[in-house]
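K.L.:
Just passing along the structure, written as structure tokens.
Every number here is computed from the coordinates shown, using simple stated rules; none is lab data. These numbers come from a predicted model, not from an experiment. Here the Cβ positions follow ideal geometry from the backbone for every residue, glycine too, while neighbour counts run over all protein chains shown.
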Amino acid sequence: ETGVTQTPRHLVMGMTNKKSLKCEQHLGHNAMYWYKQSAKKPLELMFVYNFKEQTENNSVPSRFSPECPNSSHLFLHLHTLQPEDSALYLCASSQDLGTSGETQYFGPGTRLLVL
Amino acid sequence: AQSVTQLDSQVPVFEEAPVELRCNYSSSVSVYLFWYVQYPNQGLQLLLKYLSGSTLVKGINGFEAEFNKSQTSFHLRKPSVHISDTAEYFCVLHVSGGYNKLIFGAGTRLAVHP
């Protein structure tokens, strides 16, 4: 248990559906991240938030829309996804940005399948 | 540009045997290095990290890694593995001075057999 929870753990959706992934951290951290983990590929950073403000959007398609209402919660809103978006989506948090060598704490991930 | 290369995509090993998972990195600036482990159906968990100081770093579950600047390597070792060590292992680089952006290797799947 890392202090980062994600719901749902599994999600199957059609290409016309709209769904949301939720991440919550109980560590008092200020920075939160979304990563995509696809088979046979390194983890890809998608979005970074620091004190609720987005600091990085790593060229992610607009069908992925993040939301960070406070430092403890992070959402990823999904709409009109493609089958190639099927992957494990991981949320992580860290105390701050810019502190070199800081550990990121990961949630268990949401396994997404787009049909 | 910075990069991380994990030289083996899969490493099969028998229980109680030693294991080494290899990692090389490329960077023109100082780096911090991490090893994360991902057990089946779980997120990533930090095993150990090198920030500065002693080049031999000890982590959880009996793992250790050695930072070798001249060879730009950060290999992970364990003298005797258990079935429970079966997992995916990621070597990760963080460029010092930058914000907390991690560069992940492709991962090495360690399969421990009885």
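K.L.:
Among the residues of the stretch A:10-29, is there at least one that is crowded, with 18+ Cβ neighbours inside 10 Å, within 14 Å of the chain's Cα centre (by Cα), within 11 Å of chain B (Cβ to nearest Cβ) and not aromatic (F, W, Y)?
P.N.:
yes
Conditions tested, residue by residue: (1) more than 13 Å from chain B (Cβ to nearest Cβ); (2) closer than 27 Å to B:Y39 by Cα; (3) surrounded by 15 or more Cβ atoms within 10 Å (Cβ to Cβ); (4) out of contact with any Ser or Thr (no Cβ under 6 Å at 6 or more places or on another chain).
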| residue | (1), (2), (3), (4) |
| --- | --- |
| A:T5 | no, yes, yes, yes |
| A:A31 | no, yes, yes, no |
| A:K36 | no, yes, yes, yes |
| A:M46 | no, yes, yes, yes |
| A:N50 | no, no, yes, yes |
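K.L.:
Which one of B:T86, B:T72 is touching a residue at least 12 places away in the same chain (Cβ under 8 Å), surrounded by 12 or more Cβ atoms within 10 Å (Cβ to Cβ), at positive phi and of a type in the set (V, I, T)?
P.N.:
B:T72 is the lone residue from the list that is touching a residue at least 12 places away in the same chain (Cβ under 8 Å), surrounded by 12 or more Cβ atoms within 10 Å (Cβ to Cβ), at positive phi and of a type in the set (V, I, T).
K.L.:
Identify all residues within the stretch A:59-92 that are among the hydroxyl-bearing types (S, T, Y), within 18 Å of A:R9 (Cβ to Cβ) and in contact (Cβ under 8 Å) with a residue 60 or more places away in the chain; write none if there are none.
P.N.:
A:Y89
K.L.:
Mind counting the residues in the stretch A:75-101 that are within 13 Å of A:N50 (Cβ to Cβ) and either away from chain B (no Cβ under 14 Å) or surrounded by fewer than 19 Cβ atoms within 10 Å (Cβ to Cβ) (or both)?
P.N.:
4
K.L.:
Can you say whether B:L21 is more than 30 Å from A:A87 (Cα to Cα) and surrounded by 12 or more Cβ atoms within 10 Å (Cβ to Cβ), as far as the supplied structure shows?
P.N.:
The answer is no for B:L21.
One line per residue, one yes/no per condition, for (1) of a type in the set (D, E, K, R); (2) closer than 13 Å to A:T103 by Cα; (3) part of a loop (DSSP other than H, G, I, E, B):
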{"site": "B:F34", "(1), (2), (3)": "no, yes, no"}
{"site": "B:N41", "(1), (2), (3)": "no, no, yes"}
{"site": "B:E66", "(1), (2), (3)": "yes, no, no"}
{"site": "B:F74", "(1), (2), (3)": "no, no, no"}
{"site": "B:V81", "(1), (2), (3)": "no, no, yes"}
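K.L.:
Can you tell me how many residues within the stretch B:43-65 are surrounded by fewer than 15 Cβ atoms within 10 Å (Cβ to Cβ) and under 24 Å from A:P42 (Cβ atoms)?
P.N.:
2
K.L.:
Looking at the stretch B:38-54, which of the residues that are more than 7 Å from chain A (Cβ to nearest Cβ) and among the hydrophobic types (A, V, I, L, M, F, W, C) is nearest to A:A87 (Cα to Cα)?
P.N.:
B:L47
K.L.:
Select from the stretch A:40-76 the residues that are of a type in the set (A, V, I, L, M) and within 10 Å of the chain's Cα centre (by Cα) and list them in ascending order.
P.N.:
Within the stretch A:40-76, A:L45, A:M46, A:V48, A:L74, A:L76 meet the criteria.
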